[in-house]
Structure formats: C-alpha cells, structure tokens
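For reference, the structure is listed below as structure tokens.
The values are calculated or read from the model by the stated rules, or taken from the named source; none is laboratory data. This is a predicted model, so every value here is computed, not measured. Heads up, the Cβs are rebuilt from the backbone with ideal geometry, glycines too, and the neighbour counts pull from every protein chain shown.
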Amino acid sequence: MSSPQNNNLNNVKSSASLDKALDQTLRPQKWDEYIGQEMIKNNLRILIQAASERKESIEHLLFYGPAGLGKTTLALLIAKELGAQIKTTSGPAIERVGDLASILTNLSPGDILFIDEVHRLNKTIEEVLYPAMESRSLDIIIGKGPSARSIQLELPPFTLIAATTRVAMLSSPLRSRFSGGTFRLEFYTNEEVKKIITRSAGILGMEISSDSAEEIAKRSRYTPRIANHFLKRCRDFAQVHGGSGIDLNFAKKALDLMEIDELGLNNHDRRILNILIEKFKGGPVGLQTLAAATSEDEATIEDVYEPFLLQLGFIERTPRGRIATENAYKHLGQSQIQKNLLL
Ligand code: ADE
C-alpha cells in the first residue's frame, strides 16, 4: 500500500462540482510534479529559461493531441514558472472580433493568453489574430459603410498558448505563427499513468494498493484525465462497500460496473467497433456513414473515439475509409463484458 495521508473514506462526498474542484486539486502545481511528456518538458524548460534570462516573453506555443493529456496543465505550469499572469479562453467563446479585441487590449506586458480549442475560432477572428501574434498590432475596423475606419492599436508583449485536438483544422497561416514551437502531446505509458494515479491517491488522502493502481492505469486509455476519473469512481465504490481504501478486488469491480473492459474500451467504443464489423463487414467505411450508423457526430468519432482505437491498432484509416483490424475482431471476441452480454 502507498502511504496514505488519511484513509477515512466515510466523510467523502461526491458531486459534479466537487469532482471539478478535485480535478483542479489533482493538477500538478510544479514542473517536477508533471509526469511524462519528457521531450516537451525538456524543450519548454530551455525556452522558459532563455526567455527569463533575457527578460522577454516566450514566443507563441501550440499544443495539440487527444483530450485529457495535459495541454491546459502545461500552459498553467509555464505561466507559474514564468511568474506570469494567465488569461484563459476558448475558440468558441470568442464569437466576435470585438471579443478578441477586448481580451487582447486588456493584457498586461508579459501575460499569457491561453486559447483552448483554437480550431474553433472563426476565420475573421483568426485574421485579427495574425498581426497581433506577429507584430503585436491590433488592426480593427470601427463602424460600417462610408464612415468605417480602420484603427491600429499597439499591444503589450504577450505569449499566446493555443491548444487543439484537431491541428489539421488550423489554417496554415495560423499554424506558422507559433514561433516558439508546435508540440504534440503523446499518450502516456501505463507506468506513467500508474504514477499519476498513485500521486492523485496521495492528494485525495486515500490508500491504494500497487496492483489496483496498475489495474486502473491499464484501463485508462493512456490518459491522465481518465485515470483520475476512474480513481474517483473506484474511491466511491470502495466507500459504499465499506472499504478503507482501494484494493484490486474493489478496483476491478468498480471498473467492470462502469463497463470498462480490460483494455480500457467502454461500451461506446465497443459499439462503434461492433457496428463497423457487423454492419459494414469491417469496412472500409467513410466517416460520414459510420457517424450516421452510430448516431454520433463526425467530430466526436474523430476526436473522442478514434485516437484511442487507432492507438490500440483496432482501426485503420485508409483513403477509402475506416477498417476494423484483426486485433479488433479478436478483442471483441475475447472481451469479458462481450462474453457476458452474449450469455
Ligand atoms: N494529472 C494530470 N496530468 C498529470 C501529469 N502529467 N502528471 C501528474 N499529474 C497529472
């Protein structure tokens, strides 16, 4: 057992808002607490140290990769490391040029502006962002018709950190303006996820055995956000069943109850694979057709389900569409939950 700070599970409440607050608590607060993504951390350390020594802002950065791998956490850590103020927004929240103008003109020198889901910025707004990133100049048009006039405002030195799950959706002029670098976050190894779970359990003050941390890690799709979510649900399960901590038996039962199989697939993943195999004889099938057949939208399939299924080698993307691989057939045949459903 890892050393618990407090193993009393009885006074733990569970609710969505408490969950969110807990997620904040579980975020690494210091650079050294951030597990994994070593290459990115090494590159960022150099950028940060060099810019700090020159007393300059770091150049603009773009983080991309599947959801839950820690893009926002990295941005927060960079701000902390630089002692900079960070303002956070997202692509869909910036609806009008005026929204962006107001955000940019309210920045102070050295601030970091974090834009999540940057692929959802509309084109007109992107065009205002280019000169702001390149030459710290805000060019806006005031008024309409013959009385319209264009004004230019100088912005303070700032760093834009943008994050996206869909880097291919960014226009190339936008992509090319991240002069500090574009970084792809990788899936974590099971060992790294296990370390994250053990760290989180310590913060939550709960006892967790090494084999149960390993079991949760194995089913967490190589993703810290999912691991922390499962950890909290295992804690709920153990509490309700009168446990003083999470052992392997509780972990397995809680994960089975959530219908998470031994590789981390949930019932949505299995359903998509099953439809691909049964309705379309394993493919190839186009994204649009697969989305219609599964009643999911295309973006959800591409952003939420596919990255992990591709990583597992259960599907392949070909020019003619998605194909289920031999391994997907084998897994669906072997999955315990699948067997139970067939019984
Ligand atoms: N929680 C979420 N992501 C993490 C990471 N990379 N390291 C430590 N704790 C985390």
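The table for this structure:
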{"read-out": "Sole exception among (1) closer than 25 Å to LEU153 by Cβ; (2) surrounded by fewer than 22 Cβ atoms within 10 Å (Cβ to Cβ) for ILE58, by number", "value": "(2)"}
{"read-out": "Pairs where the first residue, in the stretch 289-311, is closer than 17 Å to ARG184 by Cα and the second is among the aromatic types (Phe, Trp, Tyr), C-beta under 9 Å, 6+ apart", "value": "PRO307/PHE187; PHE308/PHE187; PHE308/TYR222; PHE308/PHE314; GLN311/PHE187; GLN311/TYR222"}
{"read-out": "Residue that is nearest to ILE35 (Cα to Cα), among those in the stretch 141-174 that are over 19 Å from the mean Cα position of the chain (by Cα) and crowded, with 16+ Cβ neighbours inside 10 Å", "value": "THR159"}
{"read-out": "Residues of the stretch 35-77 that turn out to be among the charged types (D, E, K, R), touching a residue at least 40 places away in the same chain (Cβ under 8 Å) and under 23 Å from SER108 (Cβ atoms), as a count", "value": "2"}
{"read-out": "Sole exception among (1) more than 16 Å from the ligand (Cβ to nearest atom); (2) touching a helix residue (DSSP H, G or I) at 6+ places or on another chain (Cβ under 7 Å) for THR198, by number", "value": "(1)"}
{"read-out": "Tally, over the stretch 104-124, of residues that are surrounded by fewer than 17 Cβ atoms within 10 Å (Cβ to Cβ) and among the β-branched types (Val, Ile, Thr)", "value": "2"}
{"read-out": "Within the stretch 107-129, tally of residues that are in contact with a helix residue (DSSP H, G or I) (Cβ under 6 Å, 6 or more places away or on another chain) and not β-branched (Val, Ile, Thr)", "value": "6"}
{"read-out": "Residue among PHE280, PHE308 that alone is part of a helix (DSSP H, G or I) and either touching a strand residue (DSSP E or B) at 6+ places or on another chain (Cβ under 9 Å) or modelled with pLDDT under 95 (or both)", "value": "PHE308"}
{"read-out": "GLY243, sole failed condition from (1) modelled with pLDDT of 95 or more; (2) touching a helix residue (DSSP H, G or I) at 6+ places or on another chain (Cβ under 6 Å); (3) more than 16 Å from the ligand (Cβ to nearest atom)", "value": "(1)"}
{"read-out": "For ALA217: the one exception among (1) surrounded by fewer than 16 Cβ atoms within 10 Å (Cβ to Cβ); (2) within 16 Å of the ligand (Cβ to nearest atom)", "value": "(1)"}
{"read-out": "Failed item, numbered, when ALA67 is tested on (1) within 14 Å of the ligand (Cβ to nearest atom); (2) touching a Gly at 6+ places or on another chain (Cβ under 8 Å)", "value": "(2)"}
{"read-out": "Unique match (being buried (at least 17 other Cβ atoms within 10 Å of the Cβ), of a type in the set (D, E, K, R), more than 18 Å from ALA217 (Cβ to Cβ) and not assigned by TED's automatic domain parsing to the domain that holds LEU204) among GLU298, GLU302", "value": "GLU302"}
{"read-out": "Qualifying residue in the stretch 235-258 (condition: charged (D, E, K, R), exposed (fewer than 15 other Cβ atoms within 10 Å of the Cβ) and in a loop (DSSP other than H, G, I, E, B))", "value": "no"}
{"read-out": "Test result for THR73, within 16 Å of the ligand (Cβ to nearest atom) and loosely packed, with under 15 Cβ neighbours inside 10 Å", "value": "no"}
{"read-out": "Exclusive hit being touching a Ser or Thr at 6+ places or on another chain (Cβ under 6 Å), surrounded by fewer than 17 Cβ atoms within 10 Å (Cβ to Cβ) and under 30 Å from PHE230 (Cα atoms), set ALA21, ALA93, ALA67", "value": "ALA67"}
{"read-out": "Members of the stretch 81-102 found to be of a type in the set (A, V, I, L, M), assigned to a helix (DSSP H, G or I) and under 29 Å from TYR34 (Cα atoms), listed by number", "value": "LEU82, ALA93"}
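The rows are residues; the columns are (1) over 29 Å from ALA324 (Cβ atoms); (2) free of Cβ contacts under 8 Å to residues at least 24 places away in the same chain; (3) under 18 Å from the mean Cα position of the chain (by Cα).
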residue	(1), (2), (3)
ILE196	yes, no, yes
ILE226	no, no, yes
HIS268	no, no, no
PRO284	no, no, no
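Listed here are the residues, each with its yes/no results for (1) hydroxyl-bearing (Ser, Thr, Tyr); (2) more than 19 Å from the chain's Cα centre (by Cα); (3) within 16 Å of the ligand (Cβ to nearest atom).
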{"position": "ALA50", "(1), (2), (3)": "no, yes, no"}
{"position": "GLU56", "(1), (2), (3)": "no, yes, no"}
{"position": "LEU62", "(1), (2), (3)": "no, no, no"}
{"position": "ILE78", "(1), (2), (3)": "no, no, yes"}
{"position": "ASN106", "(1), (2), (3)": "no, yes, no"}
{"position": "GLY110", "(1), (2), (3)": "no, yes, no"}
